[in-house]
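Engineer: Below you will find the structure I want to go over with you.
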Amino acid sequence: MPNPTAPLRVLCLTMNPSVDLATETERVVPTHKLRCSDTLHDAGGGGINVARVLARMGGHCTALCPTGGSTGQWLQARMAQEGMHGIFLPIAGETRVSFTVHEHATGAEYRFVMPGPTLSEAEWQACLDHLWHLPDFPDVLVASGSLPPGVPPDFDARLARLCRERGARLVIDTSGPALAAALAEGVYLVKPNLRELSELSGQALETPEQWEAAARALVANGQAEVVALTLGHLGALLVTRDGAWRAPPLPIQVASAVGAGDSFVGGMVWALQHHRPLTEAFAWGVAAGSAALLSVSTGLCCKEDAQQLFAQVQTTPCEPT
């Protein structure tokens with residue numbers, strides 16, 4: 001019989017993993033050669049980043065992703081160095097490389113995100129088949145990041161159906177048609193930003209009342225049980241059938257926004273893995289996402305920063321509408 005106090009089993013799926021590079025230069029200008037600082041290399045992609053945050057926070061999970069080529073081999077080796085349990089399904093294409101350049105003169109960030117290799121039907125279907133045949137299906141499946149070329153936009157919707165059949169919770173963090181398709185099928189938790197929520201609702205969403213109404217609509221329509229809306233410098237909003245809560249932004253000096261969204265999801269899933277109440281998990285998401293803003297690199301929070309910031313997070317119930 002399952003132990004109700006044991007940590008939940010979490011699997012983080014990344015259909016479009018990447019090797020993430022980060023560097024700095026004085027100023028980004030056309031034509032000229034730009035002399036850069038030493039380059040940081042990390043295993044990346046939404047689900048892998050969430051898995052790395054879980055590991056940093058002391059949680060445990062399995063990371064599943066398709067990989068190929070020399071960059072895919074490097075990614076596998078890097079994840080092993082970090083002590084992460086990974087399952088890598090082979091593909092013919094080369095795992096992508098993405099990079100971020102921080103401009104010293106202005107503090108601006110330039111983020112270059114590649115589309116990734118084209119997956120054949122057999123390759124993306126192998127990911128679904130692997131999940132379907134797992135003898136111990138995870139309690140929580142995190143699907144985060146973009147879909148690479150070749151993968152149908154209803155892929156995440158298929159994950160939603162699979163999770164429902166296997167009695168698991170699906171946490172989704174993606175965008176565009178893939179996000180809309182997943183929500184049409186119904187998920188446990190979705191973490192949109194304001195732009196993504198606006199696209200889903202077809203409205204500008206310019207006021208807090210409009211943000212909350214759009215998030216409540218997703219819950220009322222059965223598209224998500226939980227909506228964790230990240231608002232950047234405006235904080236975050238949590239909406240469930242039981243109510244809504246706002247968290248104002250923390251007073252920190254922002255160095256880089258890279259990895260903040262993935263850190264938010266990682267912090268929240270880590271708390272849910274350890275059976276923390278949903279509002280507390282939301283506060284951990286805010287703390288972890290804010291902690292990722294403190295350093296210029298390939299992103300992601302560190303445990304010590306998240307723990308310190310957690311004590312500063314304030315969640316306030318919204319007035320009933």
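Engineer: Exactly one of (1) surrounded by fewer than 18 Cβ atoms within 10 Å (Cβ to Cβ); (2) touching a residue at least 24 places away in the same chain (Cβ under 8 Å); (3) among the β-branched types (Val, Ile, Thr) is unmet by Thr31. Its number?
Structural biologist: With (1) surrounded by fewer than 18 Cβ atoms within 10 Å (Cβ to Cβ); (2) touching a residue at least 24 places away in the same chain (Cβ under 8 Å); (3) among the β-branched types (Val, Ile, Thr) applied to Thr31, the lone miss is (2).
Engineer: Could we say that Gly266 is in contact with a strand residue (DSSP E or B) (Cβ under 9 Å, 6 or more places away or on another chain), open to solvent by less than 10 Å² (accessible area, probe 1.4 Å) and either without any contact (Cβ under 8 Å) to a residue 12 or more places away in the chain or in a loop (DSSP other than H, G, I, E, B) (or both) here? First the steps, then the outcome.
Structural biologist: Working: in contact with a strand residue (DSSP E or B) (Cβ under 9 Å, 6 or more places away or on another chain): yes; open to solvent by less than 10 Å² (accessible area, probe 1.4 Å): yes; either without any contact (Cβ under 8 Å) to a residue 12 or more places away in the chain or in a loop (DSSP other than H, G, I, E, B) (or both): no.
For Gly266, the condition - in contact with a strand residue (DSSP E or B) (Cβ under 9 Å, 6 or more places away or on another chain), open to solvent by less than 10 Å² (accessible area, probe 1.4 Å) and either without any contact (Cβ under 8 Å) to a residue 12 or more places away in the chain or in a loop (DSSP other than H, G, I, E, B) (or both) - is not met.
Engineer: Within segment 275-309, which residues are more than 16 Å from the chain's Cα centre (by Cα) and among the polar types (S, T, N, Q)?
Structural biologist: Hits for segment 275-309 are Thr279, Ser295, Ser297, Gln307, Gln308.
Engineer: Quick check: anything in segment 209-222 closer than 30 Å to Ser98 by Cα and of a type in the set (Val, Ile, Thr)?
Structural biologist: no
Engineer: Now for a different question. Restricting the search to segment 37-66, which residues are open to solvent by less than 10 Å² (accessible area, probe 1.4 Å) and either assigned to a strand (DSSP E or B) or among the β-branched types (Val, Ile, Thr) (or both)?
Structural biologist: Matches in segment 37-66: Ala43, Gly44, Ile48, Val50, Val53, Ala63, Leu64, Cys65, Pro66.
Engineer: How about segment 80-128: which of its residues are of a type in the set (Phe, Trp, Tyr) and open to solvent by 50 Å² or more (accessible area, probe 1.4 Å)?
Structural biologist: Selection gives Phe88, Phe99, Tyr110, Phe112.
Condition check ((1) open to solvent by 60 Å² or more (accessible area, probe 1.4 Å); (2) in contact with a Phe, Trp or Tyr (Cβ under 7 Å, 6 or more places away or on another chain); (3) in contact (Cβ under 8 Å) with a residue 24 or more places away in the chain; (4) over 24 Å from Asp156 (Cα atoms)) across all residues:
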position: Ala182; (1), (2), (3), (4): no, no, yes, no
position: Tyr188; (1), (2), (3), (4): no, no, yes, no
position: Ser198; (1), (2), (3), (4): no, no, no, no
position: Glu212; (1), (2), (3), (4): no, no, yes, yes
position: Gln223; (1), (2), (3), (4): no, no, yes, no
position: Val226; (1), (2), (3), (4): no, yes, yes, no
position: Thr230; (1), (2), (3), (4): no, yes, yes, no
position: Leu238; (1), (2), (3), (4): no, yes, yes, no
position: Arg241; (1), (2), (3), (4): yes, no, no, no
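The values are calculated or read from the model by the stated rules, or taken from the named source; none is laboratory data. This one's a predicted model, so the numbers in the text were calculated from it and none came from an experiment. FYI the Cβ positions are ideal-geometry reconstructions off the backbone, even for glycines, and counts take in every protein chain you see. Keep in mind that these areas ignore ligands, DNA and RNA; they rest on the heavy atoms of the full protein, side chains included. Shrake-Rupley method; radii C 1.70, N 1.55, O 1.52, S 1.80 Å.
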